[in-house]
Amino acid sequence: MNFLENVQHNINKAAKILEMEKEAGSLQKMHKELKAELSIIGDNGKKKKFLAYRMQHNNARGPMKGGIRYHPDVSMNEVKALATQMTFKCAVAGLPFGGAKGGVQCNPKELSKKELEKISREFIRKFEKHIGPWKDVPAPDVYTDSQVMAWMLDEYEKIKGKHCPAVITGKPLELGGSLGRNEATGLGGAYILEEAAKISKMNPKRTTIAIHGFGNAGQHFAEAAAGMGFVIVAVSDSTGAVYCENGLNEQNIQKLIEHKKKTGKVVGFEKTKEITNTQLLELPVDVLVPSALENTITIENCDKIKARFVIELANGPTTPDSDELLFKKRIIVIPDILANSGGVTVSYFEWVQNLHGAMWSREKVHLELKKNIITAYHRIRKLAESKKTDLRTAAHMIAIKEVLCAEKLRGKF
């Protein structure tokens, strides 16, 4: 299965348990499918063209919300899958948003800063009629950041002729961004880890963790988890992985982040042993955190997973067939639509602040994030226990009911 088929499988599985398969069929469709060709003049004076997408999945519960990624493998099906997933993620998190997603098929590593700015502004020029604070609110995603959002915001405001900070989240603080947004995805996952450990009576100082993917989410998760006393024994990025039997404490994690910034990789960090990404996935740890791209845990390797918990910071890292095997092995998978919902939750806080002209403290953002994500976790956990199913299916059951309820209230059914 590809990623889109995986997402559709999860919807169908939950809908079947709910006996709402017919109604849930509507959730397989996009509200709008937008595609454009972005054309810019590169630094060499020659024209460069890039495919761009904005998929809008559902707006029954509120304006649509979702990031924009820059990656050479961006495709229409991938963006559709992510947009669909965003609808469910917002419903699970209790946010008044629907789902959307955007992407540009490009390799940011081969583009200059000026070329990235041109692409970002052109993206807004192509899609500005379809976005807005009460219509569709973009945010950063893979290989996009607050600077990209700043360019996009500026272009949108130039077109509209007025300030409109609530049109985009994940912005720099100076342009209406929120404190706590940068660390939100990783921190939200760490809050769930802390709560899951309490329920399972796991001592953080004896709980080992391997993190597969050391980008923004993985780094902030590592910082937060180490700060809570958990033992980070391995981390990886696309170039390789490192292992430290005694664990990396909070200070070592900071040094590792600096090492990656300087060298572009985690390999070579002091007092660690180099291993492969495959070896990291198969380590006998308590918690495995897939934090890279989709389809990391598959039917080929899931038998070798030894962790007690899998916390999905990446989108779609576990395929449906491997999901079922992990459940049979009693490995608890905390699904992406819950585990990485910290990012969209704090994006919601940023949107609220922008609409009210307010600025929350970092402490307030963290407190509200923790309350929100822990409430969602317990809601899903209790349903999973009562229905004797996995957390992913329980999360989708909740989301389907929430979205279809909104559709019914609007008179769709």
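Every read-out reported here was derived from the displayed coordinates using simple, explicitly stated rules and does not represent laboratory data. Values in this document were obtained by computation on a predicted structure and should not be read as measured data. Cβ atoms come from the backbone with ideal geometry, glycine included; neighbour counts cover every protein chain shown.
Inverting the mean 1/r over all pairs of different Cα atoms, compute the Kirkwood radius of the range 184-339 and quote it in Å. Every distinct Cα pair counted, the radius reaches 15.1 Å. Take the Kirkwood radius over Cα pairs of the chain, plug it into Stokes-Einstein at 20 °C and 1.002 mPa s, and you get 99 µm²/s for translational diffusion. Each of 204, 280, 152 was scored by the projection of its Cα onto the charge dipole of the chain, and the greatest displacement toward the positive side belongs to 152; charges sit on the C-beta of Lys, Arg, Asp and Glu.
Cα-based radius of gyration for the range 30-164, normalised by 2.2 N^0.38 Å, reads 1.01. Taking every C-alpha pair closer than 8 Å and separated by at least 6 residues, the mean separation divided by the residue count of the chain gives a relative contact order of 17 percent.
Among the listed pairs 205/265; 13/329; 201/306; 261/370; 80/158, which have their C-alpha atoms separated by more than 21 angstrom in this model? Too far apart for the 21 Å limit: 205/265; 261/370; 80/158. Straight Cα distances below 12 angstrom link residue 401 to the aspartates and glutamates 19, 21, 23, with same-chain residues fewer than 8 positions distant left out. Of all DSSP-defined beta bridges confined to the chain, some 50% are antiparallel rather than parallel. Across all Cα atoms of the range 48-128, the radius of gyration (one decimal) and Dmax (whole number) stand at 13.6, 41 Å.
The phi-based Karplus calculation (6.51 cos²θ - 1.76 cosθ + 1.60; θ = phi - 60°) puts the 3J(HN,Hα) values of the range 44-60 at 8, x, 9, 6, 10, 10, 9, 6, 9, 9, 9, 9, 10, 8, 7, 10, 5 Hz, whole numbers, x for Gly and Pro.
Straight-line reach from residue 273: taking Cα to Cα under 19 Å and skipping same-chain neighbours fewer than 8 places apart, the aspartates and glutamates in range are 237, 245, 250, 258, 282. The distance from the alpha carbon centre of the range 94-110 to that of the range 56-71 is 8 Å, rounded to a whole number.
The mean sequence separation of alpha-carbon pairs under 8 Å and at least six residues apart, normalised by the residue count of the range 184-339, gives a relative contact order of 21 percent. Remark: for residue pairs 65/198; 89/109; 198/371; 16/388; 46/171, the C-alpha separation exceeds 26 Å in 65/198; 89/109; 46/171. Residues in the range 229-242 carry Karplus couplings, in order, of x, 6, 9, 7, 9, 7, 9, 9, 9, 5, 8, x, 9, 10 Hz; the curve used is 6.51 cos²θ - 1.76 cosθ + 1.60 with θ = phi - 60°, and Gly or Pro positions show x. Take every pair of alpha-carbon atoms less than 8 Å apart whose residues are at least six positions apart; their mean separation over the length of the range 36-128 yields a relative contact order of 36 percent. Check every DSSP H run in the chain and write down those whose alpha carbon atoms cover 18 angstrom or more along the long axis and whose mean Kyte-Doolittle hydropathy is -0.5 or greater. Counting only whole DSSP H runs, the qualifying helices are 3-18, 76-93, 146-160, 184-199, 342-356, 391-409. The trypsin sites (Lys or Arg not before Pro) found in the range 155-204 that occupy coil by DSSP, while having at most 16 further C-beta atoms within 10 Å, are 162, 201.
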